[in-house]
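Below: the structure, in structure tokens.
Laboratory data are not the source of any read-out in this text; all were calculated from the coordinates shown. Being a predicted model, the structure only gives us computed values, none of them experimental. Don't worry about glycine lacking a Cβ; one is built from the backbone with ideal geometry, like all the others, and counts go over all protein chains shown.
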Amino acid sequence: MKRVKAVTHRHVLKRLLKRQDFRRGYEEELDKLRLVDALIALRQRQGLTQEALAKRLKVSQPFIAKLERAETHNFTLDTLIKVVEALNGELVIHVKPKKLLAA
């Protein structure tokens, strides 16, 4: 019987990232996750629960949970500003040119 070589997720991801359309979507999702991670860290550093943050924002706790699971795809700038302000944080946005991918 012929041996089958296992393929790791890293190998598959490396191959997929060569496709520009996949890479673009992957990087967008990664940026969203980094943003959500920063919001969660800020909330936790202040010792706030999702429920306490929801009360500050006058929204439901499930809304905060969806936000923190990156399930809210219509994450507006206004919502982001309100969340950051409720966390006594500072929102800093950097705009920079994209890195050109090698052909």
Item to check | Straight-distance crosslink candidates among aspartates and glutamates, where the alpha carbon sits under 14 Å from residue 14 and sequence neighbours closer than 8 are dropped | outcome: 27
Checklist entry - Can you give me the pair-distance distribution of region 33-103, C-alpha pairs, 10 Å bins, whole percents? => result 18, 52, 18, 9, 3
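Fewest to most neighbouring Cβ within 10 Å: what's the order for 81, 93, 40?
93, 81, 40
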Checklist entry - Which whole-Hz couplings ³J(HN,Hα) result when phi for each residue of region 11-17 is put into the Karplus expression 6.51 cos²θ - 1.76 cosθ + 1.60, θ = phi - 60°, listed in order with x for Gly and Pro? => result 5, 5, 4, 4, 5, 5, 5
Next on the checklist: For a quick check of your reading of the filter: which trypsin sites (Lys or Arg not before Pro) in region 10-103 sit in a DSSP loop and have no more than 14 other Cβ atoms within 10 Å?
Outcome noted: 18, 19, 58, 69, 98, 99
